[in-house]
Amino acid sequence: MIYLALAIWGAIHPMYYFISWFQANTWDLMAMVDAWHVNAATSGLTWDLTIAAVTLTVWIVAEVAVRRNWGALIAIPATFCIGVSCGLPFYLYLRSAPVR
């Protein structure tokens, strides 16, 4: 249940900042992507999270192929649509269920 709580927190807390930014700067997704690369620090963080998301995706796919836990694939869109802060704990929550 801790993983599920962290996944919910990882969805809600960052989304607060995204929505605040969109309200202040129009609802232009490309403008947000441009803001992610406004300086070297934000570009580094963006790439760090992108690499982590790709790595998590590879891990999920590899484990789903072995464990046949097809429902765990839902963590991939959670990772890319919400963020690694939601996708990783959500996958760990799904993975913690007994193998059938």
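Only the coordinates and a few stated rules stand behind these numbers; no lab work does. All values reported here derive from a predicted model rather than from experimental measurement. A quick note on method: Cβ atoms are made from the backbone with ideal geometry, for glycine too, and the neighbour counts reach across all protein chains shown.
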(request) Within region 84-96, identify whether any single residue is farther than 18 Å from MET1 by Cβ and aromatic (Phe, Trp, Tyr), and answer yes or no. (result) no
(request) Can you run down the residue pairs with Cβ atoms below 9 Å, 6 or more apart or on separate chains, where the first is in region 8-33 and under 28 Å from TYR91 (Cα atoms) and the partner is assigned to a helix (DSSP H, G or I) and of a type in the set (Ser, Thr, Tyr)? (result) TRP9/SER85; GLY10/SER85; ALA11/SER85; HIS13/SER85; PRO14/SER85; VAL33/THR46
